[in-house]
1. Got at least one residue in region 274-285 being open to solvent by 80 Å² or more (accessible area, probe 1.4 Å), at pLDDT below 95 and either within 14 Å of residue 81 (Cβ to Cβ) or small (Gly, Ala, Ser) (or both)?
2. Within region 153-177, track down each residue that is buried (at least 16 other Cβ atoms within 10 Å of the Cβ) and under 24 Å from residue 238 (Cα atoms).
3. Does residue 150 qualify as being open to solvent by 40 Å² or more (accessible area, probe 1.4 Å) and without any contact (Cβ under 8 Å) to a residue 60 or more places away in the chain?
4. Can you name the condition, by its number, that residue 305 falls short on among (1) modelled with pLDDT under 95; (2) surrounded by fewer than 21 Cβ atoms within 10 Å (Cβ to Cβ)?
5. Considering only residues that are assigned to a helix (DSSP H, G or I) and touching a residue at least 40 places away in the same chain (Cβ under 8 Å), which ones fall in region 153-181?
6. Check whether at least one residue in region 75-94 is over 17 Å from residue 287 (Cα atoms), at pLDDT below 60 and crowded, with 21+ Cβ neighbours inside 10 Å, and report yes or no.
7. Report, by residue number, each residue of region 185-241 that is among the aliphatic types (A, V, I, L, M), in contact (Cβ under 8 Å) with a residue 12 or more places away in the chain and part of a helix (DSSP H, G or I).
8. Quick test of your reading of the structure: residue 212 fulfils all but one of (1) of a type outside the set (S, T, N, Q); (2) at pLDDT 95 or above; (3) more than 17 Å from the chain's Cα centre (by Cα). Name the failing condition by number.
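The values are calculated or read from the model by the stated rules, or taken from the named source; none is laboratory data. Model, not experiment: these values are computed from the prediction. Because the Cβ atoms are built from the backbone with ideal geometry, glycine has one as well, and the counts that use them run over all protein chains shown. Just so you know, the surface numbers come from the protein's heavy atoms only, side chains and all, with ligands and any DNA or RNA stripped out. Shrake-Rupley method; radii C 1.70, N 1.55, O 1.52, S 1.80 Å.
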Amino acid sequence: KFHDQNDNQKLLEPEAPNHENNLHHVHECDHDNRHDHDCCQDHNDDEDGGVETLEVEYWDGLYGANVEEGITSEYLLSYLTLRPFILKITGMDTQAYMNSNIKNNKGSPEKENQTTASTSTSSAAPVNIRSGRVLVPGCGDTSFSELLHKDGYSPVYNTDTSPRVVNIMKKKFNNQKGLKWFIDDALCSQFEDSFFDKIIDKSLIDCFYYVKDVGVHVDYLVSKVLSEYYRMLTSDGVIVIATMRTPQEFLPFVDKSISHSVEQFSTRRKEGLTHLPCQWDYNYIEICTEANEENLVAKDVPAYEVTEDFDPDEEFENYATFFIYTLQKQSK
């Protein structure tokens with residue numbers, strides 16, 4: 001197990017993880033400071049789309065090539081695009097945000113035809129909760145965690161299955177206090193139970209929808225990583241997941257009242273691996289960004305919450321939509 005050691009940064013190098021469980025985000029280079037949103041559709045609809053694999057060697061090679069070319073790989077949206085929402089959800093009074101439109105397996109958003117979750121402001125004085133251990137799984141080589149740390153979140157634990165990128169980032173930040181880098185597999189993490197106060201998943205779950213490795217099913221991967229998040233999260237911790245997955249795709253994994261293939265995929269789980277009985281409270285919002293005619297989204301482009309007062313069809317000629325889910329353990 002990984003454990004805190006007086007907040008001194010230390011790179012733990014366990015044995016190489018089993019390749020069947022290695023994971024990463026889809027590769028999107030920022031040569032032109034643009035991100036391809038159109039290519040991020042479900043790979044099941046496009047046999048030629050997506051390059052996602054769980055093999056460590058592929059990602060070690062990719063990050064090594066990035067160093068040589070002087071580029072980084074960023075998928076989905078940058079920290080600056082997501083920053084207002086991350087600060088709103090985790091930077092101040094998370095409970096007030098959750099209470100604004102909490103879901104706890106007692107109602108189906110599909111039946112309610114709900115696509116956004118409104119937020120409210122707590123009457124109590126805001127509480128700064130940026131302290132506490134933060135996990136950024138599948139960190140890669142982007143500036144996401146660096147900017148998160150500059151916003152006051154500390155310590156930030158960054159994990160990746162690629163030893164190459166972990167060493168690259170560790171060297172880059174030269175043991176900077178508050179930024180920690182570990183070789184770890186989010187599907188089978190070595191961190192202890194109830195270790196993290198916050199977990200921020202920026203599109204890592206999306207990557208599972210592109211995995212083409214033989215014998216690996218997306219339902220298993222999403223369920224498994226959520227069970228690991230649940231295990232590692234403190235009782236009053238919060239998880240933020242930024243993803244392209246719609247409520248119809250994602251919520252069945254956290255809301256048992258919604259019918260889904262989750263009940264069916266249990267027969268396809270890998271033998272010998274089990275999942276915790278996760279009970280979530282959750283909240284979510286839909287956000288959008290302006291895009292061009294090719295459905296490309298500019299790096300660091302502003303994002304807007306879709307509400308009754310903000311209709312992207314009226315604001316933009318072309319736009320891309322994303323979702324931000326907030327999860328907490330149900331109180332007993």
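1. No, region 274-285 contains no residue that is open to solvent by 80 Å² or more (accessible area, probe 1.4 Å), at pLDDT below 95 and either within 14 Å of residue 81 (Cβ to Cβ) or small (Gly, Ala, Ser) (or both).
2. Of everything in region 153-177, those that are buried (at least 16 other Cβ atoms within 10 Å of the Cβ) and under 24 Å from residue 238 (Cα atoms) turn out to be 153, 154, 155, 156, 157, 158, 159, 160, 161.
3. Numbers: open to solvent by 40 Å² or more (accessible area, probe 1.4 Å): yes; without any contact (Cβ under 8 Å) to a residue 60 or more places away in the chain: yes.
Yes.
4. (1)
5. If we filter region 153-181 for residues that are assigned to a helix (DSSP H, G or I), which is where we start, we get 163-173.
If the condition is that a residue be assigned to a helix (DSSP H, G or I) and touching a residue at least 40 places away in the same chain (Cβ under 8 Å), then 163, 164, 165, 166, 167, 168, 170 are the ones that fit.
6. Yes: one or more hits.
7. So in region 185-241, the residues among the aliphatic types (A, V, I, L, M) come out as 186-187, 199-200, 204-205, 211, 214, 216, 218, 221-222, 225-226, 232-233, 238-241.
Then keep just the ones that are in contact (Cβ under 8 Å) with a residue 12 or more places away in the chain; that gives 186-187, 199-200, 204-205, 211, 216, 221-222, 225-226, 232-233, 238-241.
204, 205, 221, 222, 225, 226, 232 - these are the residues of region 185-241 that are among the aliphatic types (A, V, I, L, M), in contact (Cβ under 8 Å) with a residue 12 or more places away in the chain and part of a helix (DSSP H, G or I).
8. (2)
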